[in-house]
Structure formats: structure tokens, C-alpha cells
1. Among the residues of the range 1-31 satisfying the criterion of being closer than 21 Å to R49 by Cα and of a type in the set (S, T, Y), which is most open to solvent (accessible area, probe 1.4 Å)?
2. Please identify the pairs in which a residue from the range 516-533 that is open to solvent by 30 Å² or more (accessible area, probe 1.4 Å) has its Cβ atom under 6 Å from the Cβ atom of a residue that is in a helix (DSSP H, G or I) and not polar (S, T, N, Q), counting only partners at least 6 apart or on another chain.
3. Give the residues of the range 547-559 that are open to solvent by 30 Å² or more (accessible area, probe 1.4 Å) and part of a loop (DSSP other than H, G, I, E, B), sorted by residue number.
4. In the range 205-253, which residues are part of a loop (DSSP other than H, G, I, E, B), open to solvent by 60 Å² or more (accessible area, probe 1.4 Å) and within 14 Å of P195 (Cα to Cα)?
5. Working only within the range 320-358, note down all residues that are buried (at least 22 other Cβ atoms within 10 Å of the Cβ), assigned to a loop (DSSP other than H, G, I, E, B) and touching a helix residue (DSSP H, G or I) at 6+ places or on another chain (Cβ under 7 Å).
6. Exactly one of these conditions fails for D505: (1) under 23 Å from the mean Cα position of the chain (by Cα); (2) open to solvent by less than 60 Å² (accessible area, probe 1.4 Å); (3) charged (D, E, K, R). Give me its number.
7. What pairs come up if the first residue lies in the range 535-550 and is in contact (Cβ under 8 Å) with a residue 24 or more places away in the chain, the second is of a type in the set (G, A, S) and surrounded by fewer than 18 Cβ atoms within 10 Å (Cβ to Cβ), and their beta carbons are under 6 Å apart, counting only those six or more places apart or on different chains?
Amino acid sequence: MALGAILVSQGILSNEQLELALREQSRAGERLEQTLARLGIASSEQVMRALADELALPFLRLDETEIDEEAVRRVPPRAVFKLRALPVRIDAGRLLVATSDPLRLDSFDELRVAAGMPVDLAVAEDRDLAAQIRTRFGVAGDVLEALGAGAESTPDTRVEPAEADDASEASVVRLVNDLLFEAIRERATDIHIEPYEHELHVRYRIDGVLCDAGVPATIHRFRHAITSRLKIMANLNIAEKRRPQDGRITLHHRAAGQKPQEFDLRLSVIPMLFGEGVVLRILAKNAVLSGLDELGMPPRVLAPWRSLVERPHGIVLVTGPTGSGKSTTLYASLREVVSGEVKAITVEDPVEYHVPGVNQIQVNHQVGLDFAAGLRAILRHDPDIIMIGEIRDAETANAAVQASLTGHLVLSTLHTNDAAGAATRLLDMGVEPFLVASTVEGVLAQRLLRRVCKVCAGERAATPDEIRAGFGGEGGVVADARGCRECRNSGYRGRIGCYELLLLDESVRREIMARASADRVSAAAVAAGGLTSLRDSASDLVARRITSTSEAIAAVKAI
């Protein structure tokens, strides 16, 4: 009996729901339980439990099941990956195997042969199987085993065994694709490939934190082949191993049940002691850009920030460390103010996202098109709003000031720890104090804090130290990040912005004119009621149990 018929017979689906799900499954090209879960008709666990009941098989939650490593070793990794079946334990001379598709009976003849013993089946969710297989065999473990089978037993740090023949070359292509697609599935923003003397580390940056990708140790033998493949994808010189190289890769990926997505990968290769280190930044070209309402700004920040970006002229700055979401805030702000009556032009390095209705310029240092040159050219195109990716030097800073003085609104970013430091940074670049005081209208400093996972987050009483630090939550209760399969056992999934907004009034402008320190600028803003602090914003997120106290304290300590 087909799975759909089983679900109808058990009353989980109606005939109409099954017809709808089958049409959607056919269109999306995914498993039926994935379609049902996406449509909100039935959870994956409900479907798998129903299937297990119908076939009189046990249902296992693999994250709560003790898995015998001896049983796992009885089946070759290639068979595990191919059949999507994981050995669980050996009982009375029989191997218990978890699968998400027990109706494929012919496949388990292959398992019996591979294990050399009788096989019993248990049913598990497909995502549980994928996570457990990845944990035990690593990302692309089957490809690495196939590559290793044709390579010499002694690792060679100079020879590239994966390029020995066409079959091996195809396997390297699949290996690199597996690494890239796994990073996309895990919502990684960066991939780090780091060579050491006897090992190769592959790490993903997820929600701002680096974590191990879980690749087998044998990947070390193919590090040169992996780097060469990435260079080929980015049209770089594979023979050049002595100099840094930068490139970009366009990658198409279609997850089950989703529209095809196009990703822009920024590749950086640097020669290191034991090979070439590689970092890839992942940008989704067709990602849906956030609006200001979706960034998590508290009302006391959102309203004045909207007022700032709607002004006809002046400089509005966003500051913070690398990876703090500054560009996302600027893009959201542009979307807020751009219309058919307004012309907006940006100069960026790189152009991260395409914004409808905005003219975007990519910096090209090879032809002399840097931020300052781009800004000078922009002024001849009659813009209303100008966005500069970053003010990095005195030339760009002075050009931005002149643009604001001639009646343009200039949006840009600066690398400073807090909002008050933006003024002193511009002064250090050589901009005259009276120009900074007369053109800068407001500065937004921000950080990204990890959200506690909605599935596993609990509550706990705040500690005395947390209460004294001002992060005692509401009623002395704070969020407890516990960890589950949905969040890779980290306790966190996704991020939210934490903001500090500095508005310039006359008292703040006087301090800037006097070349006062950032502390004095900040004190003047607090006295005038023109500063919403990062600490207040972080404390508010803790009180709403959106983030944990440890995340909030880490953000505040950074300033």
C-alpha cells in the first residue's frame, strides 16, 4: 500500500488533502512527508509513526536512541549514503537498521549482503537520519570513501590523487558541491577551509559563530584538489599558489519544495604554511530583503531612524564591526524611502543584494573606480539619495561631506565600536570639526545577537550577577538556551539586531566642534535625551526572552 493510502486509511489525511499534497509534491519534487509538513497538514513525525504502525515496525527518534558504533561499522559508508539507512544495534545476531523508506524492500537485500547478517527495519524521520549519518560519516563521507579507495594508502601532501582520472575528477566535483550545498542548507554565511600539517579543517559560520562542518579526516588528502576545483569555478589561476587570489562563483541550488536560488560566493585564497587557505562568503542573490519593521528595532529607535532616512540632506551613518548587519540595515532603509519620485544611487564593494529601483555601482579598483571616484561620478547623475558602502579614507569622507552640503542625503557605514565614536573617527580622517557637526544628522551602532531557538528554549531564574548587570529579565526570569536537533544543539537559531541610536542636537554638535572625546559626545547626547544605548536595547531583548543573557552581555562588553 502506498504511503498516501496508508495515511488516509488511518484518518490522518482526507482524500482531498491527499490529492492536494500529491499535486504539490509532484510540482516541488520532494518527499510526501516534506510536502505535508510544509503545507501544515501533518508533521513528518506523524507520517513516519503512521507508516511504522501500518507495517508493524518500531518508530525511533534517533536523537534519543543509543546507537551502537559496532553496528554502524558493519555496513560500508557508501551503502549507508546510497540507501539512506543507518545501522542502530545488533540484537541476537540480527542488525536493526533505521530507514525513512521501509517500502523499498529491494534495497534491504543489498543491506543484508553488505552487513553479512539478517536485517530488521525500524522507521525514523528523514531529517534525523541525515543528521545522524552526517555526524558519523561526515559531509560527503561516501564521496571521500570512493576517492580514498583509488588513492595510495599513504597520504601525500603534494600529489593530488583526486585528479588521476575522469571518475576521480567527477568525485571531486561532487565533493566540493556537497560542501557548498551543506553550508547553504545549514544557513551558513561563510565557509572556512584551513590546511594544517596533517589535517584539513572545514568550518561553517552559522549565526555569527564558527562551527565544525563535520567532514571525515580523510579529506586532508584531497585538499589540493578541493582548492583547484574552487579556483576553476571562480576562473582563477590554479597554477598560482604563491599569491593571494580573489574571485567569485555563481551557484544555483534548489532545496526540496523551494524555488531555485542563485548564490554569489566570494572566494578568497591565501597561501599558508601547509597549503592554501580558502574562505567563501555566501550571498543569496534572490533573497528577500528585509524592511525596517523586520529588523527588530525597538519603537524608540525605529521612529527616529525613519525620520533620519527621510531627510532631504545630511549624512546618516551605521556603525559596527564586520558582520554586524550594517549593509542589511542600509538596504532596508533604502527600500523604505526609494520611490518613483526619488533617484537613489549606491557605490558598493561588493554589491551584496540587488535593490529594485536603485542604481547600484560595483567598485572596481583595477580601473581606478573606488568609493571616492564613484561618489564624484554619482554627483553628475542628479541623485537624491546616495549610499556609500563604507567610508574608509579621508578622500571618501570629504566627498561624502561635500555631497551632503550640496543637498543630498548620504547613507554610509563606518567601523567604530559605538555611535559616539563615529564623529571622532571622521575627525581622525581629517574632516574639519565644523563640517562633521553641520552634516552628520544621526549615527546608528548595531550588533547581531543570536535568537534562542523557539523549539527548545526554556526559562530560568536570572542569577544575582545578571540582575546586577541589568539583565535580569522580566520578573527575574530569562530565556534558557538548551539545544535540540533544530538548532544543531546550540540553543540558538537566527539572529536579531541590537541597536544604539545617537541623534545630534546643538549640545552634541558643540562637543564635536571642540574635538571632544567619544565619551564626552556620548555624555552630551545622554543629557539631551538623544541617545538610545546598546545596553538598553540588549536588556529589552533579554526581557522579551528573544535572546539569552550571555548573548546580551557579550554584545555590551564589545563596546
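The values are calculated or read from the model by the stated rules, or taken from the named source; none is laboratory data. Here the structure is a predicted model, which is why all the values come from computation and not from measurement. Every residue, glycine among them, receives a Cβ derived from its backbone with ideal geometry; neighbour counts consider all protein chains shown. Heads up: the accessible areas ignore ligands, DNA and RNA and are worked out on the full protein's heavy atoms, side chains in. Shrake-Rupley method; radii C 1.70, N 1.55, O 1.52, S 1.80 Å.
1. S9
2. R520/E511; L531/A525
3. Of everything in the range 547-559, those that are open to solvent by 30 Å² or more (accessible area, probe 1.4 Å) and part of a loop (DSSP other than H, G, I, E, B) turn out to be A558, I559.
4. Of everything in the range 205-253, just one residue is part of a loop (DSSP other than H, G, I, E, B), open to solvent by 60 Å² or more (accessible area, probe 1.4 Å) and within 14 Å of P195 (Cα to Cα), namely K241.
5. Residue satisfying the conditions is G320 alone.
6. Of everything listed in (1) under 23 Å from the mean Cα position of the chain (by Cα); (2) open to solvent by less than 60 Å² (accessible area, probe 1.4 Å); (3) charged (D, E, K, R), D505 misses just condition (1).
7. Here the result reads S539/G470, each pair linking the range 535-550 to a residue that is of a type in the set (G, A, S) and surrounded by fewer than 18 Cβ atoms within 10 Å (Cβ to Cβ).
Yes/no matrix, rows are residues, columns are (1) open to solvent by 10 Å² or more (accessible area, probe 1.4 Å); (2) touching a residue at least 60 places away in the same chain (Cβ under 8 Å):
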position: G389; (1), (2): yes, yes
position: N398; (1), (2): yes, no
position: L411; (1), (2): no, yes
position: A437; (1), (2): no, yes
position: V443; (1), (2): no, yes
position: Q446; (1), (2): no, yes
